[in-house]
Amino acid sequence: MKKIVITMLAFSLGFAFALKGQLKTTGSWTYEDLDDFIIQLMADSHIPGLSACIILGDSVVWNNNYGYMNLADSITVHDSTLFSVVSVSKAITAACIMQLWDQQVLGLDQNINDFMPFQIINPNNNADSISPRMLMCHSSSIKAEYNLWGPVTIGDPEESLESFLENYLCSGGAYYSPSNYLYNMPGTMHSYSNYGSALNGYLVEPLTGISFKQYAKDSLFVPLNMSGSAWFLDDLNMDNLATGYGYSGNSYPHYGHPAYPGVLLRSTALELANFLNMLMNNGIFGGNNILSGAAVDSMTTLQISDYGLGLYRGAGLYGDRITWGHNGGPAGGYAAHMQFCREENSGVVITMNLEQYAPLLVMKLFDFAARIVIPLETTDITDAGFTLNWDSAYAAVTYHLDIATDSLFMNFLEGYENLDVGLTNSYEIDGLAQGTAYYCRLRSFDGEEPGPNSSTIYVSTLFVGMEEPAYVLQSLQCFPNPVSELLRISYDLISPVNINISIYNHLGQRVGNLYEGMKPAGTHQTNMDMSLLPSGLYFLRTSTIDHRQSTIHGGVVKVIKQ
C-alpha cells in the first residue's frame, strides 16, 4: 500500500521525527486528514513504521503503510511487511484450539491431563484439573512469568515447545519451581500467563500428532490467505520482516522463544485483517467455515475478568464502544492492535515496529470507520434515472450526495451538489437525460462534520429509440479510492460487447491495460496492481466496440494513487 515516508532529522541513534503538534481524534474526516493524523502520531511517538487496516462487514475498506521497516537501510513499510504481533498470537492460538473443539477432538472443560504426555499438577494445592477454557481465559493457576526473557534466544528457539513446557511445569524440570503456580485453585482467579497460552497451543500436538506451528499453517493460515505469516524466522521471507525499535531509536535483534504460541507470530496487517474478518463474520472467510458460529460466540463470551477465550473485551477503551480482540506487546521493538466492534460491524488492525501502544489511533480508526459509506449495486436503471444504494455508516445522521457529468466533479448536475438525502440507504434519481453518463459519490454527515467521499459510482442511463444504446457500459466503480496497491474494478454491461479498460496518468499517457476483449452481459470484476505507479492522479477509462466496429467511449473514473 501507500508508502508515506517521514522526514527524519539527526538524533542520538539516527532518527527523530520533524512533525509535532496536538493530536485530535475528532474534526475533519477526509483520507488526507487521516494520513496527517497518523504521520503526526508517529512523529510524536517516535514510531519508525506502521501498517493499519479498517474492516467493515466482510471487507478491508482502507489500509495504508507509513514510515520505515528498517531505518538503517531506509526501507519503507509496504503491504507485505511483517511485524511481530507479540500477544496477538494468543488469539490465533485460541482459534486453533476452538477448531479442535468444533471437531469434537477435545472439550473446553476437559482435564488436559487426559491426553498430555506429562502430567501438570499445581504443587501449591495439588490441583490437576486445568482445562483448555482456563488456559484461554488465563485462569489456569499458571502464574504470570517473572522472567519471560530468560529462555529467549537470538534467532529461532533451540528447545522444543514440549521440552520447555515439561521443564517449566513439571517437578524436577530445569525451570521448575512451585512459584510457577498460584496458590489459587485452577479456574478461580485471573492471572495473565504467556506460558499458559503456550501450553494451550501445545495441546494441538498430542491430539493431532503434528507440531503446533504446522497445524496453525495448515488449518488457519492457508484457508485465511495468510501465506506470509509464521512463528519461526526460518519459515519467513526475512526480506519482509521489519526491525523492531525502542523509543530512543535502539534496534532489537529478531528473537526466538520456545513458548512461541503465546508471543511470537509474525504477520502483516492485511493478513491479520483476514483473521479478524473471519471472527467478525461468525467464523466464515471466503465462503469457508474456519470456525463455527458457536466457537466464535464462546470466544466472545466473558469467562473471568474481561476475558473471553483468547480474546478480551474492551469497555470504554476506545471511546464508548465495546470491543473484542487482543493487543500485542509492547515488547522486543514491536506492538500491535487487533480489535473489532460488533455493534458497529467494524474492525481495526495496527502493526508497528516500536514497543509502544497507539490507543489514540485505534479510536481514530474506529471513529473513521463509523463515517465511511460503502456503495452497493446501482439498481432500477432506466432512460431517465436510477437508484443509488449504500451500506449504513454507523455515525451518520444523514447523507450528502454529489452527481456530476465528469469524473473530477467539476460540473455538478443542478441540485445535486452536496444534496441532503436524509438518513436512508437508497435514493432514487429521475428526470435525467437518456444515454448519458453520470458520476456519483456519497458522504455521511454526523451532525457536525462530513465523512470521507465514497468511491465514485459511474452510471449510464439507458438509450430508448431505434438505434442501439450509446452506452453498453451501465455502471463502473473502483475500490478502494484512494488506492495504494490493489485497485478493484466492478462494472455492469447491458449486452455482450468488446470492451477495453485502461488506466491513464494526468498527462493522458496510458500506463496500464486491464482488459481487452469480449465480455458477456452482466456484472464483472477485475483488479489492477497500482503499487509500482508513482503517487498522483490517474483516470480509469473504458471504451466499447459495437457490431459496426464503432468505438464508443464509456466511463471515466478519477483514481488517486497514494
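Only the coordinates and a few stated rules stand behind these numbers; no lab work does. A quick note: this is a predicted structure, and the numbers were derived from the prediction, not measured. Neighbour counts run over all protein chains shown; Cβ positions are idealised from the backbone, glycine included.
Observations
- Selection among T300, T268, Y538 by position relative to the dipole of the chain gives T268 as farthest towards the positive end (Cβ unit charges, Cα centre).
- Theoretical FRET efficiency, 1/(1+(r/R0)^6), r = Cβ-Cβ of D218 and D109, R0 22 Å, to 0.05: 0.25
- Distance from the alpha carbon centroid of the stretch 298-322 to that of the stretch 122-201 works out to 23 angstrom.
- Net dipole in debye of the stretch 386-561 [+1 Lys, Arg Cβ; -1 Asp, Glu Cβ; about Cα centre; nearest 20]: 680 debye
- Selection from Y195, T153, M185 lying farthest towards where the dipole of the stretch 57-202 points positive, charges on Cβ: M185
- Full-extension gain in nm, D239 to I210, via 0.36 nm per residue minus C-alpha separation: 7.6 nm
- Inter-site label distance for N389 and E159 at 7 Å from Cα along Cβ, in nm: 5.9 nm
- Sites Y183 and S251 - FRET efficiency at Förster radius 45 Å, r taken between beta-carbons, to 0.05: 0.65
- Amide hydrogen neighbours beyond the local backbone of V61, cut-off 5 Å, H modeled: I54, I55, L56
- Within the chain, longest stretch free of exposed GluC sites (Glu not before Pro) [DSSP loop, at most 12 other beta carbons within 10 Å]: 159-342
- Remark: the L423-D297 segment gains 42.2 nm on full extension, using 0.36 nm per residue and subtracting the alpha carbon distance.
- In the stretch 386-561, the ratio of gyration radius to Kirkwood radius, Rg to Rh, stands at 0.97 when only Cα atoms are counted.
- Residue-span extension gain [V464 to Y192] - 0.36 nm each, minus C-alpha spacing: 91.0 nm
- Listed by Cβ neighbour count within 10 Å, with the fewest neighbours leading, W101, W149 appear as W149, W101.
- Each listed q (0.10, 0.12, 0.17, 0.20 Å⁻¹) maps to a log10 I(q)/I(0) for the stretch 253-394 from the Debye sum over equal C-alpha point scatterers, namely -0.43, -0.59, -1.05, -1.34.
- Charge dipole of the chain about the Cα centre (unit charges at C-beta), most positive-ward option of I489, I142, H46: H46
- Footprinting exposure proxy ranking of K217, K561, fewest other C-beta atoms within 10 angstrom first, gives K217, K561.
- Modelled FRET efficiency - R0 30 Å, R488 with D102, Cβ distances, 0.05 increments: 0.40
- Three-way shape label, the stretch 174-321, alpha-carbon gyration tensor, a/c 1.5: rounded
- Spin-label model, D128/I304: points 7 Å from Cα along the beta carbon direction are separated by 2.0 nm.
- Taken one residue at a time, the phi angles of the stretch 306-313 give Karplus couplings (6.51, -1.76, 1.60, θ = phi - 60°) of 9, 9, x, 10, x, 10, 10, 8 Hz. Gly and Pro are set to x.
- The base-10 log of I(q)/I(0) for the stretch 83-369, evaluated at q = 0.08, 0.10 Å⁻¹, reads -0.31, -0.49 [Debye formula, identical scatterers on Cα atoms, solvent excluded].
- Counting beta carbons within 10 Å around each of R510, R321 and listing the fewest first gives the order R510, R321.
- Mean shadow area of the chain, taken as a quarter of the surface of its Cα convex hull (nm²): 27.7 nm²
- The stretch 84-217: proportion of alpha-carbon pairs further apart than 17 angstrom, %: 57 percent
- Pairs exceeding a 20 Å alpha-carbon distance, out of K519/K561; K364/K561; K90/K143: K519/K561; K364/K561.
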